[in-house]
1. If you check ASP466, ASP455, ASP423, which single one turns out to be closer than 30 Å to GLY308 by Cα and surrounded by fewer than 21 Cβ atoms within 10 Å (Cβ to Cβ)?
2. How many residues, within the range 435-452, are at pLDDT below 85, crowded, with 16+ Cβ neighbours inside 10 Å and over 30 Å from VAL296 (Cβ atoms)?
3. In the range 10-43, which residue that is free of Cβ contacts under 8 Å to residues at least 24 places away in the same chain, outside any loop (DSSP other than H, G, I, E, B) and not polar (S, T, N, Q) is surrounded by the fewest Cβ atoms within 10 Å (Cβ to Cβ)?
4. Kindly establish whether GLU312 is at pLDDT below 80, closer than 30 Å to VAL33 by Cβ and among the acidic types (Asp, Glu).
5. Among the residues of the range 462-487, write down those that are in contact with a Ser or Thr (Cβ under 8 Å, 6 or more places away or on another chain), under 18 Å from PRO389 (Cβ atoms) and in a helix (DSSP H, G or I).
6. Go through the range 194-231 and give me each residue that's farther than 23 Å from ARG151 by Cβ and either in contact with a Leu (Cβ under 9 Å, 6 or more places away or on another chain) or not in a helix (DSSP H, G or I) (or both).
7. If VAL335 satisfies all but one of (1) loosely packed, with under 12 Cβ neighbours inside 10 Å; (2) in contact with a Leu (Cβ under 7 Å, 6 or more places away or on another chain), what's the number of the condition it fails?
8. State whether the residues of the range 346-354 include one that is buried (at least 18 other Cβ atoms within 10 Å of the Cβ), within 30 Å of the chain's Cα centre (by Cα) and touching a residue at least 40 places away in the same chain (Cβ under 8 Å).
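The values are calculated or read from the model by the stated rules, or taken from the named source; none is laboratory data. Keep in mind that what you see is a predicted model, and the values were worked out from it rather than measured. Using ideal geometry, Cβ is built from the backbone for each residue, glycine included, and neighbour counts are taken over all protein chains shown.
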Amino acid sequence: MAIGPRLDLRQSQGLVITPQLQQAIKLLQMSSVELTTYIDQELESNPLLERDDAVEAETYADTMGGEPVGDKPQSADPAPLDRAAPGGDEDYDGKDYGETDDPTTDTMGGVAAEALGAGAYSAVPMPNGTMASGGEGPNLDRLAAEAGDLRSYLVQQLNLSLSNATDRLIGLALIEQLDENGYMTAPLEEVAAQLGAPLDRVEKVLGELQKFDPPGIFARDLKECMKLQLIERDRLDPVMEKFIANLELLGTGDLKKLREICAVSIEDVQDMIAEVRALDPKPALRFERAADETIVPDIIMTPLASSGWRIELNPQTLPRVLINQSYVAEVTKVVSSKDEKQFLNERLQAANWLVKALQQRAETILKVSTEIVKQQEGFFRHGITHLKPLILRDVSTAIEMHESTVSRVTTNKFMETPRGVFDLKYFFSQGLPSASGEGTTSSESVRHRIKSMIDLEKPEAVLSDDQLVDLLKAEGIDVARRTVAKYRESLNIPSSVQRRRAKSPKF
């Protein structure tokens, strides 16, 4: 058999991800803030691009079960965005939006939308599944003005209280050691060694700083923080000092032993408990509070008078960029070398790709959001108890997209609805089987039901996890005890033993 070189032809399939496709995937999962930063970078690096601020942004919108409110998308290559879906039940338990064909408009990010009526609210889902809502919302300007700067406030007191330059230097070093709660984060020995100062002098300066406002600042632990505030109130007597020294007994609920240590009556212990609970365990938070972040929704969902929904993208989160055709024509006339022409072609291709990618991103987000609203319509009409189990595959199958695409679209995206502002991931949850074996219940609604049961329990009838399981099964929800315990812990709810001890203290 002869051995030699030869040529063979073979056919094979492979997936090649081009740089443009990689960037498109990255663009899809960006939040609005990340997208704005990315667009700014592209505008700096590509002279052929310009931001279109003079023209009103395109409106990407979809309607479900009603006539559209506002303009249709006006793009160079419009996609079919009028995917109508049934509006659902007629017994929507929200506000009365009227029957007129000329709805009152409200400025929601510059987009015309039907008025939500008096009493409209906004809410944000909390980590434990509850909702924080309010009527007119907080006055952000007032909160920012009240927060102030803790460091400047302490330095001002330092300059007024300490006249010695060395003591001021030590005081500045101690101020830098405060954490966000107002506690000292480093041992005094380390601070003294770093400054080359005697330990007793550092302790003396710390004692002066602990007299500063707010009371409890510069404490080294919770007990010292409580003591400093009680000293400021002139309430640190020997009995209260014993109470603070054994503060951990209050946390465990062993009030009988605490009463024996303090050698006081039941009424005195109750008074001391009330006094300690009135203190501030984190005195610096009122100053070092992070600025209130306003969530700008990517999708705006509003009800229609015809009992349907309108879903549209917020133009505030859709940066609009255009190719400066006049500049392209002007530059094309003057370029002569091969390298210059190649650079111009590359920049023009990149600009064209970015414009198309932004349009595709907007259309994909709208398509996914519309399907989520369709799948979870019971939640929007009736509340958390009607939240359906939903996984990425359900949405991807309905809109004929890959699960990874749906996952990227729902990352760091928010939707404003009549029930509040929600992360798109909030609408996805696993299902728990029903007791009858027919259908499933959303894990999020089960978590909400567990919290409601515990909130309504009486001190003499605290519900154990086994009792919660029985109550849920009576409602047709088949759930294991360990699942109930896991949901309860995710809501930061103590066990039944701890709740019983806290609600029924024994002296």
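1. ASP423
2. If we filter the range 435-452 for residues that are at pLDDT below 85, which is where we start, we get 435-445.
Checking which are crowded, with 16+ Cβ neighbours inside 10 Å leaves us with 441-445.
Next, only the ones that are over 30 Å from VAL296 (Cβ atoms) stay: 441.
Qualifying residue count for the region: 1.
3. PRO19
4. no
5. Within the range 462-487, TYR487 is the sole residue that qualifies.
6. Filtering the range 194-231 down to residues farther than 23 Å from ARG151 by Cβ leaves 196, 198-200, 223, 226-227, 230-231.
Selection gives GLY196, PRO198, LEU199, LYS223, MET226, LYS227, LEU230.
7. (1)
8. Within the range 346-354, one or more residues are buried (at least 18 other Cβ atoms within 10 Å of the Cβ), within 30 Å of the chain's Cα centre (by Cα) and touching a residue at least 40 places away in the same chain (Cβ under 8 Å).
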